[in-house]
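> Before I ask anything, here is the structure I am working with.
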Amino acid sequence: MFIDPHIIAELRWKLRKGSVVVVGTNGKTTVNNLLADAMEASGQSVLCNRTGANLDSGIASAMLQGRPADWGVLECDELWLAKVLPDLRSTYVLLLNLFRDQLDRCGEIDRIQDSIVSALQSSPETTLVYNADDPLCAFIASRVKAERDAQIAAGEDVCPFHSVTFGVVESMNLQQNVVADATMCQACSHMFEYDYRQYGQLGAYRCPSCEFSRPGLDFSANNIRFAEGVSFDVMARDRGRSLSRPVALHSKLAGSYMAYNLLAVYTAATLAGCSPESVQKAISAFDPKNGRLQEYCIDGRRTLLNLAKNPTGFNQNLRIVAEGEGPRGVAFFINDQIVDGRDISWIWDIDFEELVSQPGLVVFAGGSRRNDLQVRLKYAGVKAQLVDGIEDVYDALAKLSEKGQLPADAPVSAIANYSALPPVKAKLDQMAEAEIGMTASQAGAANCTPTHTGMVALHEDIEAQLASARTSATIMPGDGDDGISECVESERPLSHADDDSAATPIVIAHVLPDLLNLYGDGGNVRILEQRLRWRGIPVEMRKLHYGDPIGFDDVDLVFLGGGPDREQKLASEELEAVSDEFAEYIKQGGPLLGICGGYQILGKTWLLGDEEVPGLGIVDAETKRPGTSGDRLVDNIALKSPIANAPVVGYENHASRTYLGDGASPFGTVVSRTGSGNNDTEGTKADGILDGNILGTYLHGTLLAKNPEIADWLLGKALERHAKRTGEKAGALTPLDDSEELAANAFMAKKLV
Ligand code: GLN
């Protein structure tokens with residue numbers, strides 16, 4: 001590409017019939033490989049970047065190396081499509097979904113959408129094939145159509161925009177996760193209504209205010225069943241003229257997202273002339289050896305390895321774990337390399353709380369950010385053991401089995417993010433090969449036997465002991481000499497010492513969580529809640545969603561999270577309407593934590609692009625935006641703050657810059673080598689504002705996870721407010737064991753300061 005920057009265009013001749021480019025946050029590699037397989041099964045030759053090298057370099061390499069073929073099937077990173085498509089000019093772009101992922105690289109999802117729109121505009125002959133259940137994808141289609149129509153109306157010689165949609169026409173009846181990405185109409189900034197929602201923002205949505213709604217489906221799935229994988233029927237409509245007969249598809253691969261992946265494959269394969277039989281043949285033969293839902297047999301334990309690199313993908317993986325029964329191990333590996341995203345706040349958007357109800361789960365945390373993971377799990381009520389690598393997991397499980405606390409064949413799930421996956425996979429490949437003297441490609445879970453060498457004698461005892469373990473939610477290995485003191489703990493027992501005074505709970509209000517909850521900010525309220533519960537102090541969590549009446553009279557702590565510009569604007573309008581009550585709450589000593597967007601709103605004004613939006617005027621600060629939403633201050637950061645002894649560590653990601661008034665004090669001064677805080681003017685760098693009971697800051701992270709002193713500072717203020725409001729004493733902030741939190745803090749502080 002250095003020699004010939006347009007090598008992709010030069011090599012286009014190799015793709016005789018055309019090409020399909022697969023983009024989207026989740027499922028690209030699986031869909032790309034399955035689509036290539038389906039085309040091959042139908043007798044067509046394919047050139048494909050199968051291993052997931054999806055930047056321009058990966059695509060150029062695949063096109064250089066590959067033989068001329070009927071079709072190119074090429075996976076492409078969302079932000080690189082704008083670079084690749086003008087040269088590749090593919091026949092189809094297959095757009096799977098857009099979820100928040102690597103926001104340190106992408107900023108806000110709007111930016112990815114802008115980039116995909118411009119990519120499609122650079123290649124007018126390309127047809128967009130997209131998941132219409134995802135409003136973020138549908139909005140891209142509607143924007144390209146509007147731009148293209150305008151060009152045509154202006155007399156420009158461009159082809160009209162063509163698109164093909166796919167989606168699921170019935171509810172899959174999935175339990176909803178706490179944080180979903182976009183539930184707001186991007187055309188008019190109103191909250192969507194859903195007939196049904198699958199996961200994330202996917203579903204049958206419509207805007208109550210404008211005409212934007214899920215487009216009609218050209219390829220639709222129904223009759224979805226989740227038994228031994230996923231099965232469903234697909235109907236194709238020929239632009240409303242005729243209906244085809246339904247085609248049944250089945251895959252042994254688990255996960256509700258597989259329904260969308262398979263539907264995407266079927267749609268693109270059909271457009272490329274494949275028969276339904278060839279699609280099913282490819283699906284049936286599909287045996288990923290790339291760490292995506294890959295099965296192993298190691299130490300007599302069935303092992304499933306999968307990639308998960310964002311909250312939506314992770315939550316879907318937790319559902320797969322939840323489908324298992326009985327005692328078993330689950331290991332999470334999270335790295336923070338550039339390819340993963342340096343910011344790991346997103347682990348707070350994963351519903352790890354669901355693991356608490358899983359009987360006999362033994363949980364491990366690995367990867368370079370294992371300390372953060374351990375803290376996250378702790379606040380979910382799950383005790384996780386730190387591991388250096390996947391081999392430690394088998395050692396720990398073997399010890400439990402030796403003691404009769406876990407079946408010798410208890411299965412293992414390993415879930416890893418992008419750069420954490422290859423080392424886990426390499427180790428599993430190696431262990432599988434060593435164990436059965438086969439190559440990794442031969443080794444599979446089919447070889448798993450329930451017992452393994454050295455464990456046979458113990459097996460009967462274990463059975464007896466496990467009868468009780470199976471019925472309890474907790475495996476308690478007892479003395480903890482192997483480092484595991486307890487595995488899954490339910491909520492810590494409440495101390496009832498303060499029962500007399502505990503009549504009225506401390507009320508924590510998470511204001512507009514559906515709008516202001518970016519980069520895991522919602523984790524802060526979870527942390528505040530748990531730190532009260534652990535002390536036996538009664539607490540009520542109040543989520544005031546968009547549309548709910550917002551009141552502060554009986555509230556003891558207010559939390560406002562960060563948000564993308566659009567959501568932040570809507571939130572600010574909602575708060576503006578109750579600004580007098582809000583000001584009164586502050587005047588009466590009510591504590592407030594505002595993060596990023598939620599901090600900007602508190603000042604006199606803030607900017608949305610060029611538009612100046614009035615703030616609540618609660619603090620003496622102004623927020624300006626020198627550049628675009630793409631010109632962001634994004635980095636790890638550490639502060640020295642007057643309200644903490646330890647450095648306050650976090651992650652900032654904002655386009656706007658905040659300037660404090662003369663008399664205002666910051667939350668802290670920046671002591672890290674990286675990070676800017678409030679703004680990027682020269683001189684001493686400072687972040688946030690500390691004004692009486694108000695704490696505003698740019699630190700995500702989740703802020704309170706690694707900074708328990710700040711959490712307790714806020715809780716102290718909440719207790720004071722509660723005492724004043726009710727005349728009762730709710731309890732005292734007795735010391736907690738913060739060793740995990742402080743270890744996570746020290747790990748980052750050492751890196752940054
Ligand atoms: N949208 C605001 C900005 O970019 C706030 C972002 C945030 O809350 N992280 O400045």
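> Tally the residues that are closer than 14 Å to Ala718 by Cα and modelled with pLDDT under 95, restricting the search to segment 498-549.
Here the count works out to 1.
> So, in segment 624-669, of the ones that are in contact with a Leu (Cβ under 6 Å, 6 or more places away or on another chain) and aliphatic (A, V, I, L, M), which residue ends up farthest from Glu611 (Cα to Cα)?
Top of the filtered list is Val648.
> Output the residues belonging to segment 622-646 that are under 22 Å from Asn517 (Cα atoms), surrounded by 21 or more Cβ atoms within 10 Å (Cβ to Cβ) and more than 26 Å from the chain's Cα centre (by Cα).
Thr623, the sole residue that qualifies.
> Could you list, in sequence order, the residues of segment 584-606 that are more than 10 Å from the ligand (Cβ to nearest atom) and more than 17 Å from Lys717 (Cβ to Cβ)?
Within segment 584-606, Gly603, Lys604, Thr605 qualify.
> Just to verify a result, which residue in segment 335-359, among those that are outside any loop (DSSP other than H, G, I, E, B) and of a type in the set (S, T, N, Q), is surrounded by the most Cβ atoms within 10 Å (Cβ to Cβ)?
Within segment 335-359, the subset outside any loop (DSSP other than H, G, I, E, B) is 345-349, 352-357.
Narrowing further to those that are of a type in the set (S, T, N, Q): 345, 357.
Details: Ser345: 26, Ser357: 12.
Among them, the one singled out is Ser345.
> Further question: Looking only at segment 550-573, how many residues end up being surrounded by fewer than 21 Cβ atoms within 10 Å (Cβ to Cβ) and away from the ligand (no atom under 16 Å from the Cβ)?
4
> Hey, among Ala82, Ala69, Ala119, which residue is at pLDDT 95 or above and out of contact with any Leu (no Cβ under 7 Å at 6 or more places or on another chain)? Give the derivation first.
Details: Ala69 fails: out of contact with any Leu (no Cβ under 7 Å at 6 or more places or on another chain); Ala119 fails: out of contact with any Leu (no Cβ under 7 Å at 6 or more places or on another chain).
Result of the check over Ala82, Ala69, Ala119: Ala82.
> Kindly list the number of the only condition in (1) modelled with pLDDT of 95 or more; (2) surrounded by fewer than 22 Cβ atoms within 10 Å (Cβ to Cβ) that fails for Ser495.
(1)
> Test of understanding: among Gly696, Gly663, which residue is within 13 Å of the ligand (Cβ to nearest atom) and either crowded, with 24+ Cβ neighbours inside 10 Å or part of a loop (DSSP other than H, G, I, E, B) (or both)?
Gly696
> May I ask you to list the residues in segment 578-616 that are free of Cβ contacts under 8 Å to residues at least 24 places away in the same chain and either in contact with a Phe, Trp or Tyr (Cβ under 7 Å, 6 or more places away or on another chain) or not β-branched (Val, Ile, Thr) (or both)?
Result: Asp580, Lys587, Lys604, Asp610, Glu611, Glu612.
> Now, a different point. If Asp110 meets every condition in (1) within 16 Å of the ligand (Cβ to nearest atom); (2) closer than 20 Å to Asp87 by Cβ apart from one, which number is that one?
(2)
> Taking the criterion of being crowded, with 16+ Cβ neighbours inside 10 Å and part of a loop (DSSP other than H, G, I, E, B), would at least one residue in segment 139-154 satisfy it?
Scanning segment 139-154 turns up no residue that is crowded, with 16+ Cβ neighbours inside 10 Å and part of a loop (DSSP other than H, G, I, E, B).
> Taking the condition of being within 16 Å of the ligand (Cβ to nearest atom) and in contact with a Gly (Cβ under 6 Å, 6 or more places away or on another chain), how many residues in segment 523-540 meet it?
Total satisfying the criteria: 0.
> Mind checking whether some residue in segment 99-111 is closer than 30 Å to Asp565 by Cβ, in contact with a helix residue (DSSP H, G or I) (Cβ under 6 Å, 6 or more places away or on another chain) and without any contact (Cβ under 8 Å) to a residue 40 or more places away in the chain?
Scanning segment 99-111 turns up at least one residue that is closer than 30 Å to Asp565 by Cβ, in contact with a helix residue (DSSP H, G or I) (Cβ under 6 Å, 6 or more places away or on another chain) and without any contact (Cβ under 8 Å) to a residue 40 or more places away in the chain.
> Can you name the number of the only condition in (1) within 16 Å of the ligand (Cβ to nearest atom); (2) crowded, with 21+ Cβ neighbours inside 10 Å; (3) in a strand (DSSP E or B) that Val649 fails?
Unmet condition: (1).
The values are calculated or read from the model by the stated rules, or taken from the named source; none is laboratory data. Since this is a predicted model, take the numbers as computed values, not measurements. Quick reminder, even Gly has a Cβ in these numbers, built from the backbone with ideal geometry, and neighbours come from all protein chains shown.
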